[in-house]
């Protein structure tokens, strides 16, 4: 059993079918402060990777049972081990062979005979970079967790307060409340319930996307559809929506008969979210312009608003899961999943989604999807 001091040492896995080279490498790395494991083929090495801690792999290319290239593929396929730095140490020194090794995704390629100091420098450099990436990953994870907790605590608490407070007032003062006051409280309870329902639905949808269910639905149910008709139909359905009816929508259609391969519910969900987003950040009575055109084999749909706008530095944040712009100063009534869902759905359609700062103020949301090749 390793002592506490030994367990803190970096662990290296050596894989080579030449026992003499293995012994030389063991001596080199143990003398320089490494825990050392070794195997004489990829099958045995893979077992070690799966069973224990490994910080870096030094591996020969030509080995019996499971060669270096195949061993690398197997390691990369293990989620818990895919990040491990991997260095080929091989007698195959021709330029083409080195290039083939590097193209395989290995982190470095050292040829035999090797300079021990050079090999040590390579290993230490890879471990330093791996450690930096790990630390950065931890920071990003912590930042993401804080954002999720902050968003959820707000998005669950706010409607629950409205529901609970409204219900309490109705229960305690039902006889003394006027009809108008009762209706106001019921409407607040209803809106709170809708907001919670929307949040839960968004969670379910993002889980469907991440689990591949949305992709299977698209593959099984997508059809060639006239995009302009879907846009017009969805716009009309939004005229009565509480959020969108305070803005004026116009539609400039320059591709009236062009089709794209789409699953109707997913594409309409995309449109509703973009229309609502444009209305949400626009002033009351703001004009929202919807334009559809054909461009280089794609249909380009743009939704222009004159709202608060989004800077180029805020675009990436806005499209992340739970990403919201100006959360501290704006009541956005959402969990920060809307644009993340839009982006993922558009990827299913083999298209792209982008947000742009609009000249003169406001934002342009742009969708590009391939024009259908069907008749």
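Taking the criterion of being surrounded by fewer than 17 Cβ atoms within 10 Å (Cβ to Cβ), closer than 23 Å to residue 128 by Cα and within 29 Å of the chain's Cα centre (by Cα), the only residue of the stretch 51-72 that qualifies is 53.
The single condition among (1) modelled with pLDDT of 85 or more; (2) part of a loop (DSSP other than H, G, I, E, B); (3) touching a helix residue (DSSP H, G or I) at 6+ places or on another chain (Cβ under 6 Å) that residue 336 does not meet is (1).
Restricting to the stretch 84-114, give me the number of residues that are exposed (fewer than 14 other Cβ atoms within 10 Å of the Cβ) and under 34 Å from the mean Cα position of the chain (by Cα). Qualifying residue count for the region: 4. The set of residues in the stretch 291-306 being assigned to a loop (DSSP other than H, G, I, E, B) and surrounded by 14 or more Cβ atoms within 10 Å (Cβ to Cβ) consists of 305, 306. For beta carbons closer than 6 Å, sequence separation of 6+ or different chains, a first residue in the stretch 167-180 that is free of Cβ contacts under 8 Å to residues at least 40 places away in the same chain and in the same structural domain as residue 191 (by TED's automatic domain parsing) and a second that is surrounded by 10 or more Cβ atoms within 10 Å (Cβ to Cβ) and assigned to a helix (DSSP H, G or I), the qualifying pairs are 169/185; 170/185. For the stretch 356-375, the candidate set comprises residues that are touching a residue at least 40 places away in the same chain (Cβ under 8 Å) and surrounded by fewer than 11 Cβ atoms within 10 Å (Cβ to Cβ); within that set, the residue that is farthest from residue 305 (Cα to Cα) is 374.
When the stretch 263-272 is examined, which residues are found to be farther than 14 Å from residue 366 by Cβ and under 22 Å from the mean Cα position of the chain (by Cα)? Scanning the stretch 263-272 gives 263, 265, 266, 267, 268, 269, 272.
Condition check ((1) part of a strand (DSSP E or B); (2) at pLDDT 95 or above; (3) farther than 23 Å from residue 191 by Cβ; (4) touching a strand residue (DSSP E or B) at 6+ places or on another chain (Cβ under 8 Å)) across all residues:
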| residue | (1), (2), (3), (4) |
| --- | --- |
| 250 | yes, no, yes, yes |
| 270 | no, no, yes, yes |
| 275 | no, no, no, yes |
| 278 | no, no, no, yes |
| 289 | yes, no, yes, yes |
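In the stretch 178-187, the count of residues that are at pLDDT below 85 and either over 37 Å from the mean Cα position of the chain (by Cα) or assigned to a helix (DSSP H, G or I) (or both) is zero.
Residues in the stretch 126-166 that are surrounded by 14 or more Cβ atoms within 10 Å (Cβ to Cβ), closer than 30 Å to residue 10 by Cα and modelled with pLDDT of 70 or more: 126, 127, 130.
Residue 228 satisfies every condition listed in (1) in a helix (DSSP H, G or I); (2) out of contact with any strand residue (DSSP E or B) (no Cβ under 6 Å at 6 or more places or on another chain) except (2).
Quick check on residue 219: is it loosely packed, with under 14 Cβ neighbours inside 10 Å and in the same structural domain as residue 347 (by TED's automatic domain parsing)? Yes: the conditions hold for residue 219.
Of all the residues in the stretch 46-56, those that are without any contact (Cβ under 8 Å) to a residue 40 or more places away in the chain and closer than 18 Å to residue 123 by Cα number 1.
The values are calculated or read from the model by the stated rules, or taken from the named source; none is laboratory data. Not measured: the values here are computed from a predicted model. All Cβ positions, glycine included, derive from the backbone under ideal geometry; neighbour counts span all protein chains shown.
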